[in-house]
Amino acid sequence: MNILLPLPRSDYDPSEAAIAWAALTAAGHTVTFATPDGRPAQADPVMLSGCGLDVWGRVPGLARVPLLGLLVRADARARSAHAAMTASAAFAAPVRYDAIDATAFDALMLPGGHARGVREYLESATLQRVVAAFFDADKPVAAVCHGVVLAARSVSARTGRSVLHGLRTTALTWSLERSAWNLSRWGGRWWDRDYYRTYVEAPGEPAGFRSVQAEVTRALADPAHFCDVPPDAPQRRRKTDGLHRDTPTDASPAFVVRDRRYVSARWPGDMHTLAAEFLRVLAEPAERPRDGVGT
């Protein structure tokens, strides 16, 4: 199958893009990248290196010494996958957003990212129309983190509503987003305290109003359709503390939601499980009915 994987010009999350790419290509699928201008995208450098979250982040000689960043940067598997992805011929030759023909692709993968460069990706009316075309054609779609925001903003030509209206989904939760934001604000990134918030509340708006979870929830048919880890879930602490990530052989820290041909996840720590579930969707016949599942 030919899978479309769009990226912003800059600041995409390296784990979310690369782990998806690695799993899809290892399974024999073709991945086609897309960017606003048809040039190779640039990952969020902080999420690759971990540098830039400590109070000495702008001190020459010390800026390249991460401490807090070691907790949140792409892990060794993701960094290795990212190096392979960026060295691939497909990554070097993305299509432009305005040249995408949704009918030429079998499925869609929407990674995320939180730094300011990702806004171009989230706010592209052209890309939103492309995303809507995949949902309207009932093609498999996977989305993670801020990629779910892009889906939420995409309006179905059939219904005039968000393509997520009527579906169950997860995305970056306010709990995870707030924890990362606090790490940035109080941990030492004094020159850019809102680095972890793609959008910040305007005066008078309640805390979290511009969060990923709040925006996605507003697009759903029922607020209860936004799924988070249940209080009684096994391994709940590992799933919600933002410190544990899944691996190809351990899905216990992950939380993934599937509704029909749509699969969603919260953050990079869910990516191996998301990729595995997406591959299962791709392998199934289109006419087979599917129920939503939280893992």
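Derivation of every value follows stated rules applied to the coordinates shown; laboratory data play no part. Not measured: the values here are computed from a predicted model. Heads up, the Cβs are rebuilt from the backbone with ideal geometry, glycines too, and the neighbour counts pull from every protein chain shown.
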For a bin width of 10 Å, list the pair-distance distribution of the chain built from all Cα-Cα distances, rounded to whole %.
7, 30, 38, 21, 4, 0
Hey, in the GNM for the chain with a 10 angstrom Cα cutoff, which one of G269, G28, G187 fluctuates hardest?
G28
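For M1 and A286, compute 0.36 nm times the residue count separating them, minus their Cα-Cα distance, and round to one decimal in nm. Don't skip to the end; give the middle numbers.
Working: separation 285, 0.36 × 285 = 102.60 nm, distance 1.32 nm.
Taking 0.36 nm per residue and subtracting the Cα distance, the gain is 101.3 nm.
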Other residues with Cβ under 15 Å from the Cβ of R236 give, with Lys and Arg +1 and Asp and Glu -1, a net charge of -1
Rg over Rh of segment 21-114, using C-alpha atoms and the Kirkwood radius, what does it come to?
1.06
